[in-house]
Amino acid sequence: MLATMRYSKFFIPTLRDDPADAEVISHKLLLRAGYIRRVTSGVYDYLPLAVRVLRKIEAVVRDEMNRAGAQELQMPMVQPGELWEKSERMEKYGPELLRFKDRHGHESCLGPTHEEVICDLVSRELRSYKQLPMNLYQIQNKFRDEIRPRFGLMRGREFIMKDAYSFHADEDCLAAEYKNMFDAYCRIFTRFGLKFRPVEADTGSIGGSDSHEFHVLADSGEDLIAHCGACEYAANVEKAVSNRQTVAVEQAELKMVDTPVVTSAEDVAGFLSVDIALLVKTMVYRIIGGEHDGVIVAACVRGDDQVQEIKLAHAVGADSVELATDAEITEIGGVTGFVGPQNLLSRVLLDHSLQGATGLVAGANRKDAHITGLDTARDITSGEFFDLRQTRAGDTCAKCGGNIELSRGIEVGQVFALGTRYTEPMEVLFQNQQGQRSVATMGCYGIGVSRLMAAIVEQCNDAAGISWPLTLAPFSVGLISMGKSGAVLEASEAIYHQLKGAGIDVLWDDRKERPGVKFKDFELIGLPLQVVVGDRGLNDGQVEMGWRKNERRSVPVADIVSVVLSELQSSELQSVETGN
RNA sequence: CGGGGCGUAGCGCAGCCUGGUAGCGCAUCUGGUUUGGGACCAGAGGGUCGGGUGUUCGAAUCACCCCGCCCCGACCA
């Protein structure tokens with residue numbers, strides 16, 4: 001029974017070399033240290049060490065969710081297609097939704113998220129406003145058939161998620177719960193000792209009105225977040241708004257100039273020796289989804305800006321946008337490489353930064369030609385202005401005028417105020433205080449538990465391996481028997497049982513390995529505290545204790561349990577105080 | 001979906017160009033010597049060379065097809 005906490009019997013398949021197919025640190029270390037193994041693209045086995053960490057992460061999440069008043073339930077992973085038809089997401093969710101038919105030919109899918117199922121459940125049981133609000137959550141495997149799974153646990157197809165769903169009688173109540181969940185998330189990530197940041201976010205395919213993402217700051221993050229150096233403003237670049245300084249140029253005559261072969265904004269600016277910010281970059285897109293599905297539109301930003309496609313999609317009421325083909329560009333009167341906003345046969349959307357701008361350079365919609373002296377107010381009569389550009393470092397904050405900086409982040413949580421996006425089609429109705437039928441409002445709140453494990457490794461590692469925060473380490477203490485004399489093994493076993501008896505998670509390395517091997521392995525798998533039992537000290541009744549990669553000190557055998565306990569406790573206290 | 005790379009023992013790799021007995025390091029097993037920071041000696045086991053078809057007397061090696069994996073991109077007109 002206890003044999004399982006002996007290293008010699010515990011399943012920890014460590015690797016000396018980094019597996020060749022791992023790129024990011026968390027992926028390499030989780031593989032090397034024996035936490036995960038790949039089953040197929042984006043799908044992993046969680047080995048015993050990983051399960052211990054996941055259980056600890058989940059325990060903190062549960063603790064805070066329960067404390068915030070949510071109740072745990074468990075929904076199925078296999079969901080009936082008809083629920084997705086009802087919410088109108090069967091088509092909308094796209095190929096990420098893995099669909100299949102059961103033996104009776106019923107359309108089914110693997111749950112990528114559970115709005116449909118929870119709404120179906122609640123709609124059957126909800127009758128009165130007196131039952132509201134309620135917040136239900138689960139911790140469960142999700143499946144999303146990602147275009148390109150990568151970076152190990154960071155973007156898997158199957159992953160572990162905590163997802164919570166709240167239902168309310170009115171908007172104010174939803175707003176209060178949104179805040180409640182927001183605060184709970186801050187407490188959760190603080191307890192993990194993470195450098196994180198909540199940011200305003202786009203609502204994406206989930207939909208709804210208001211949303212924040214929680215990002216763990218890490219260079220390997222897939223998301224770009226913009227934040228103000230002076231105030232609290234922070235947002236995903238998919239949504240971030242900011243101001244930019246524009247160059248003032250006098251009004252000029254419209255002129256066509258030859259620009260043979262030069263097409264990119266950089267090249268044109270160089271060729272004509274003008275500031276790249278005076279270029280108008282005109283991108284042609286095809287609308288995907290929504291009322292205007294398939295329609296071609298042009299989007300203009302300044303030459304040194306980029307079109308933020310999610311903003312563009314919102315501006316035209318689309319699900320997404322895709323770059324148009326050359327043929328489609330020709331269709332609207334454009335010439336690939338020389339597209340400009342004038343005389344196009346499509347809608348022309350311009351970024352706010354172009355409003356009232358003069359002296360601009362744009363494509364002439366003729367091969368090898370651009371126009372100069374463009375004045376958006378004067379020359380583009382049918383232009384519509386939107387926020388279309390992607391925020392850049394050095395922009396000024398729209399709220400306070402401070403300096404905007406960009407950072408990379410790993411999205412580990414997101415909260416949404418959904419309103420009635422799902423409750424309306426799914427008919428989540430109740431009788432209100434006035435006796436009338438009313439549609440419930442809804443919020444949903446997710447945490448990527450398995451991604452969180454990887455994100456923590458991204459922040460907590462060094463050349464030797466993983467250095468777990470004490471609260472999440474698979475074992476708090478690594479007990480190393482040094483040398484194989486009977487006395488060492490006996491003393492180790494006794495200490496092992498005493499530590500266990502004191503409620504401490506301890507892994508006893510009873511292997512017949514040389515000391516270096518044991519130290520390296522413990523540093524790789526990331527156990528925070530080491531206790532070393534060796535002949536050298538044992539003769540004087542001493543063992544050693546020290547934090548990972550730090551100096552060890554001698555402790556009398558008789559005191560080791562109490563010293564370890566106080567050491568662990570003071571470390572926990574410290575981490576609460578410093579939030580680290 | 002497009003581009004690039006890769007697939008040979010559990011892990012990391014060589015061999016392929018120029019066809020001819022499948023190799024190295026680590027790991028594993030046995031024995032011995034070691035034992036305070038990834039030991040040493042001796043021996044051993046482990047391979048459908050991703051799969052299929054073809055060319056050839058003969059294919060890990062050449063050709064074609066398929067599969068899988070990784071990276072980049074999905075973008076600046």
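Here are the numbers for the structure shown:
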| quantity | calculated |
| --- | --- |
| Segment A:344-364, residues that are within 26 Å of A:Asp293 (Cα to Cα), away from RNA strand B (no atom under 14 Å from the Cβ) and either outside the structural domain of A:Arg286 (by TED's automatic domain parsing) or over 36 Å from the mean Cα position of the chain (by Cα) (or both) | A:Leu345 |
| Of the criteria (1) more than 16 Å from RNA strand B (Cβ to nearest atom); (2) buried (at least 17 other Cβ atoms within 10 Å of the Cβ); (3) not assigned by TED's automatic domain parsing to the domain that holds A:Asp305, which one A:Asp395 fails | (1) |
| Residue pairs meeting the criteria (Cβ under 6 Å; at least 6 apart or on separate chains; first free of Cβ contacts under 8 Å to residues at least 60 places away in the same chain, in segment A:244-264; second assigned to a loop (DSSP other than H, G, I, E, B)) | A:Val247/A:Asp275 |
| Subset of segment A:307-331 that is without any contact (Cβ under 8 Å) to a residue 60 or more places away in the chain and among the aliphatic types (A, V, I, L, M) - its residue that is farthest from A:Val237 (Cα to Cα) | A:Ala327 |
| Which numbered condition A:Ile371 misses (of (1) within 12 Å of RNA strand B (Cβ to nearest atom); (2) closer than 18 Å to A:Val262 by Cα) | (1) |
| Residue satisfying all of: in segment A:39-62; out of contact with any Asp or Glu (no Cβ under 8 Å at 6 or more places or on another chain) and part of a strand (DSSP E or B); surrounded by the fewest Cβ atoms within 10 Å (Cβ to Cβ) among these | A:Thr40 |
| Matching residues in segment A:127-168 - criterion: being within 16 Å of RNA strand B (Cβ to nearest atom), among the basic types (Lys, Arg) and part of a strand (DSSP E or B) | A:Arg150, A:Arg155 |
| Residue in segment A:363-385 that is crowded, with 17+ Cβ neighbours inside 10 Å and closer than 30 Å to A:Ala440 by Cα present | no |
| Top-ranked residue in segment A:310-332 [being part of a loop (DSSP other than H, G, I, E, B) and more than 13 Å from RNA strand B (Cβ to nearest atom); ranked as surrounded by the fewest Cβ atoms within 10 Å (Cβ to Cβ)] | A:Gly317 |
| Subset of segment A:519-565 (residues that are surrounded by fewer than 20 Cβ atoms within 10 Å (Cβ to Cβ), more than 8 Å from RNA strand B (Cβ to nearest atom) and not in a strand (DSSP E or B)) | A:Asn539, A:Asp540, A:Gly541, A:Asn550, A:Glu551, A:Val557, A:Ala558, A:Asp559, A:Val561, A:Ser562, A:Val563, A:Leu565 |
| Spans of strands (runs of 3 or more DSSP E) in segment A:372-436 with at least 3 residues among the hydrophobic types (A, V, I, L, M, F, W, C) and in contact with a strand residue (DSSP E or B) (Cβ under 7 Å, 6 or more places away or on another chain) | A:404-419 |
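The values are calculated or read from the model by the stated rules, or taken from the named source; none is laboratory data. Given the structure is predicted, the values throughout are model-derived calculations rather than measurements. With ideal geometry, Cβ positions are generated from the backbone for all residues, glycine too; neighbour counts draw on all protein chains shown.
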